[in-house]
Amino acid sequence: MLRTHTCGELNEGLIGKEAVLCGWVDTRRDHGKLIFIDIRDRYGITQVLFLPKPKELNELAKKLKNESVVRIKGQINARPQGTINENIPTGKVELLAQELEIVNLSEDLPFPIVENPDLGEDIRLEYRYLDLRRKSVADKLVLRHKFNHAFRTFLDEKSFLEIETPYLTKSTPEGARDYLVPSRLNPNKFYALPQSPQILKQLLMVAGMDRYYQIVRCFRDEDLRKDRQPEFTQLDMEMSFVDQEDIFALVEEMVKYSFKKVLNVDIPTPFRRMCHAEAMGRFKSDKPDMRPETQEKFAFLWVVDFPMFEYDQEEKRWQAAHHPFCAPHKDDAYKLDTGDLGNIRACSYDLVLNGSELASGSVRIHDSALQAKIFQTMGISDQEAQEKFGFMLKAFKYGAPNHAGIALGLDRLYTMITGADSIREVIAFPKTQKGTCPLSGAPSNVSEKQLKELFLKLVEPKE
């Protein structure tokens, strides 16, 4: 057994017993002939004492450098009076070293592993594995895990199925740019990395899965801001035989459960609601921050009744304000025939938290004829609709239930909960605002051989 306890586990109840700890040297302090080190792992930190004898052990301890990986065997003792550290769970005990194994001696560090280092983001991301050793950074990933676990537990109790959808899908560009992946086995054809599992989760409803969810990676080739990443994670959900009110009730209950479970924070429900027209009229924004009015750290708000269409001046045509699979409001559906497209409300909704869009969803179209009509209204020809969405239109002809769904942006949620300056702080290995990875060097050049296998030729970019 490499270790018997973690570095956050030793306490007064274990005094007199033997323990083996593994971890990183957080600090080393030489007090004459006595040597103290703090050994750290993900669970906590423990003080270790090396006595002058045996000399070989003491001399070996002198070689230790910060962030070296060690394995230490010793006896758990009470700390002497006056040396107790009440700030840590292990602060009343120390390990009297009897054996020391230097698993890996660290070289000089590019920066110290301390809280609030005066460092640029590029160097932190280049050495992200060192940055993640800082407790404040690691704690964000721990919180992320706990919330994800709470979401899964809640949805499992609500009879949801966690179903994975493919990452290599068909390109159906209607929103942001797709990330394209060339197919070696199908020359001159491409997969697309999914911007969301939208169509596939709707097909799961056609398949009778009834309640689906997935904590899923999505990809969008768009200009980046501090709250955007080229790849991001969302909690994706879809339900059959439900309406908008069912979605609201489920999400509100899930949020309340998860915040209480992880943070011991009581979130008041039901959430406030505001129609899109009122939000734009009062706040000039479709994601108003309600904290000044409510005096709440977490102010949730449903924004409803978004416009179905918006006019694209460049392309001179109507486009879906959310996506082309939103059902029109039942009171406005007739306007599809009258041409009053600017005044059609969609059965779509956003969940806003503290002035940021946290989630977006809608009641979906489940009738192939209506879906085809929406495509025609957007200027998508029958041929183009068949090329892009033919498999979906076909599925709707074989008994599609009414269904609705929503997707929560988890990176953005955890950024707001932790008060992080950037979405990159809550992602283990994020990209920069230019979409690059200082750690791995991605994106990078590939060999001529790889290009030939994929039937690709490079073109020099214009200045």
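Each reported figure results from applying straightforward, stated rules to the coordinates on display, with no laboratory input. Quick caveat, the model's predicted, so the values are computed rather than measured. Methodologically, a virtual Cβ is constructed for each residue, glycine included, from the backbone with ideal geometry; neighbour enumeration extends over all protein chains shown.
Can you order the peptides 148-157, 447-456 by their average number of other Cβ atoms within 10 Å per residue, highest first?
Details: 148-157: 15.9, 447-456: 11.7.
For the peptides 148-157, 447-456, the packing ranking is 148-157, 447-456.
Whole-Hz ³J(HN,Hα) for each residue in segment 348-359, computed from phi via Karplus 6.51 cos²θ - 1.76 cosθ + 1.60 with θ = phi - 60°, x for glycine and proline: what do you get?
Rounded to whole hertz, the list is 10, 7, 10, 9, 9, 10, 6, x, 10, 5, 9, 8.
Please list, in chain and number order, the residues 5+ apart from residue 299 or on another chain whose amide H is under 5 Å from its amide H, with Hs placed from the backbone.
Those qualifying (amide H under 5 Å, at least 5 residues apart or on another chain) are 354.
Do the alpha carbons of any pairs in 65/135; 316/373; 316/397; 158/189 sit beyond 29 Å of each other, and which pairs? Could you put the intermediate results ahead of the total?
Values: 65/135 19 Å; 316/373 18 Å; 316/397 31 Å; 158/189 41 Å.
In this structure, 316/397; 158/189 lie more than 29 Å apart at Cα.
Normalised by the residues of the chain, what does the relative contact order come to in percent, with Cα pairs under 8 Å and at least six apart?
Working: 838 pairs, mean separation 58.2, N = 463.
Relative contact order for the chain comes out at 13 percent.
Would you mind checking which residues have amide H under 5 Å from residue 181's amide H? H placed 1.01 Å from N; only 5 or more apart, or other chain.
Residues meeting the amide H criterion: 191, 192, 193.
Given the -39500 (n - 2.57) contribution per DSSP H run of 4+ residues, what per-residue ellipticity at 222 nm results for the chain, rounded to the nearest 500 deg cm²/dmol? Please list the in-between numbers first.
On the way: 13 runs with 125 residues, N = 463.
Value at 222 nm, helices only, nearest 500: -8000 deg cm²/dmol.
Starting from 0 in steps of 5 Å, tell me what percent of the Cα-Cα pairs of segment 251-330 lands in each bin.
Cα pair-distance distribution for segment 251-330, in percent: 3, 12, 17, 18, 17, 13, 10, 6, 3, 1, 0.
For 308, 237, 274, what's the fewest-to-most ordering of other Cβ within 10 Å of each Cβ? If you can, show how the numbers build up before the last one.
On the way: 308 28, 237 25, 274 19.
Starting with the residue having the fewest Cβ neighbours, the order is 274, 237, 308.
Tally Lys and Arg at +1 and Asp and Glu at -1 over the other residues with C-beta under 14 Å from the C-beta of residue 123: what net charge comes out?
Details: positive: 124, 128, 134, 424; negative: 118, 121, 122, 126, 131.
Counting the neighbours of residue 123, the net charge comes to -1.
What is the local net charge at residue 187, summed over the other residues whose Cβ is closer than 12 Å to its Cβ (Lys, Arg +1; Asp, Glu -1)? Intermediate results must be reported in sequence, preceding the final value.
Working: positive: 184, 189, 452; negative: 453.
Value of the local net charge: +2.
How big is the equivalent ellipsoid of the chain along its three axes, where each semi-axis is √(5λ) from the Cα gyration tensor, reported in whole Å from largest to smallest? Walk me through the numbers on the way to the answer.
On the way: eigenvalues 552, 151, 79 Å².
Those come to 53, 28, 20 Å.
Counting only other residues whose beta carbon sits under 14 Å from that of residue 54, what net charge do I get with K and R as +1, D and E as -1? Display every interim value, and only then the final one.
Values: positive: 33, 53, 55, 62, 73; negative: 56, 59, 99.
Net charge around residue 54: +2.
Taking only the Cα atoms of segment 12-104, how large is their convex hull per residue, in Å³? Spell out each step's value before the answer.
Working: hull volume 8.8 nm³, N = 93.
Normalising the Cα hull of segment 12-104 by residue number yields 95 Å³.
Run through all the Cα pairs of segment 75-228 and give the fraction in each 10 Å bin from 0, expressed as whole percent.
8, 18, 24, 22, 15, 9, 3, 0
Taking each pair of different alpha-carbon atoms in segment 317-357 once, compute 1/r for the pair, average those values, and report the inverse of that mean as the Kirkwood hydrodynamic radius in Å to one decimal. Show your work: numbers first, answer last.
Working: mean 1/r = 0.0866 Å⁻¹.
Its Kirkwood hydrodynamic radius stands at 11.5 Å.
Give the long-range amide H neighbours of residue 333: residues separated by 5 or more places, or on another chain, with amide H under 5 Å away, using H modelled in the peptide plane at 1.01 Å from N.
none
For a quick check: sort 273, 184 by the number of other beta carbons within 10 angstrom, fewest at the front.
Details: 273 13, 184 10.
Starting with the residue having the fewest Cβ neighbours, the order is 184, 273.
If you build the convex hull over the alpha carbons only and average its shadow over all orientations, what do you get for segment 222-290? Give it in nm² to one decimal.
Values: hull surface 28.8 nm².
Reported value for the Cα convex hull: 7.2 nm².
Using the Karplus curve 6.51 cos²θ - 1.76 cosθ + 1.60 with θ = phi - 60°, what ³J(HN,Hα) values do you get for each residue of segment 68-79, in whole Hz, with x for Gly and Pro?
6, 8, 9, 10, 10, 10, x, 9, 7, 10, 6, 6
Tell me which trypsin sites (Lys or Arg not before Pro) from segment 36-123 have a DSSP coil assignment and no more than 12 other beta carbons within 10 Å of their own. Mind showing how you got there, number by number?
Numbers: sites: 40, 42, 55, 62, 63, 65, 71, 73, 92; in loops: 42, 63, 65, 92.
Answer in residue order: 63.
Would you please name the GluC sites (Glu not before Pro) within segment 34-111 that are DSSP coil residues with at most 11 other C-beta atoms within 10 Å of their C-beta? List each step's numbers first, then the result.
Working: sites: 56, 59, 67, 86, 94, 99, 101, 107; in loops: 67, 86, 107.
Hits after loop and neighbour filter: 86, 107.
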